[in-house]
1. When you go through (1) at pLDDT below 85; (2) among the aliphatic types (A, V, I, L, M); (3) part of a helix (DSSP H, G or I) one by one for Ile27, which number turns out not to apply?
2. Which ones in segment 30-83 are surrounded by 12 or more Cβ atoms within 10 Å (Cβ to Cβ) and touching an Asp or Glu at 6+ places or on another chain (Cβ under 8 Å)?
3. Check whether at least one residue in segment 51-58 is modelled with pLDDT of 85 or more and among the aliphatic types (A, V, I, L, M), and report yes or no.
4. Six or more apart or on different chains, Cβ under 7 Å: which pairs go from a residue in segment 98-111 that's under 18 Å from Pro65 (Cα atoms) and touching a residue at least 24 places away in the same chain (Cβ under 8 Å) to one that's aromatic (Phe, Trp, Tyr) and crowded, with 18+ Cβ neighbours inside 10 Å? Could you list them?
5. Of all residues in segment 84-122, which are modelled with pLDDT of 80 or more, exposed (fewer than 14 other Cβ atoms within 10 Å of the Cβ) and in a strand (DSSP E or B)?
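The values are calculated or read from the model by the stated rules, or taken from the named source; none is laboratory data. The model shown is predicted, which means the values in this text are computed figures rather than measured ones. FYI the Cβ positions are ideal-geometry reconstructions off the backbone, even for glycines, and counts take in every protein chain you see.
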Amino acid sequence: MYMDKGQVYSVEMAITFIMFLSFVAYIDNVWTENIVNAAVAGSYFEEKKMQLSSLDLLVSTPGEPYNWDENNVSSVGLVWERGILDYEKVEMIISLTSSNYTKAMEALGLEKDFYLFISSMDGKSSKNNK
């Protein structure tokens with residue numbers, strides 16, 4: 001079977017063009033998928049950062065005001081002195097989450113629901129599910 005030189009080149013060019021378009025489509029698909037994954041990972045890490053910030057606030061400060069209660073709390077802290085949690089404040093935050101969950105979230109600086117579990121070395125535990 002005899003083929004002209006022009007016909008072979010046009011077939012090769014068509015195959016090459018199809019391969020090039022396939023490669024571009026593949027790169028576009030991978031690029032879009034990576035952008036979506038990066039956005040999801042970014043929001044995940046922002047949420048974890050907020051959670052850790054709230055946890056740090058709980059265990060390293062006495063709160064605002066220092067002797068806060070359910071009625072005047074602006075920022076929750078559970079520390080009595082460095083390294084020691086105040087049992088009364090632990091009970092108050094549990095009571096606050098039961099009576100006014102929205103206010104508790106604001107005082108903790110959270111925008112999403114949370115689960116709080118605190119246990120002592122002697123086995124006593126205080127917890128609140130939400």
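1. The one condition Ile27 does not meet is (1).
2. Those that are surrounded by 12 or more Cβ atoms within 10 Å (Cβ to Cβ) and touching an Asp or Glu at 6+ places or on another chain (Cβ under 8 Å): Met50, Pro62, Val73, Ser75, Gly77, Leu78, Val79, Trp80.
3. Pass one, segment 51-58, residues modelled with pLDDT of 85 or more: none.
No, segment 51-58 contains no residue that is modelled with pLDDT of 85 or more and among the aliphatic types (A, V, I, L, M).
4. Final answer for the pair search is none.
5. Within segment 84-122, Ile84 is the sole residue that qualifies.
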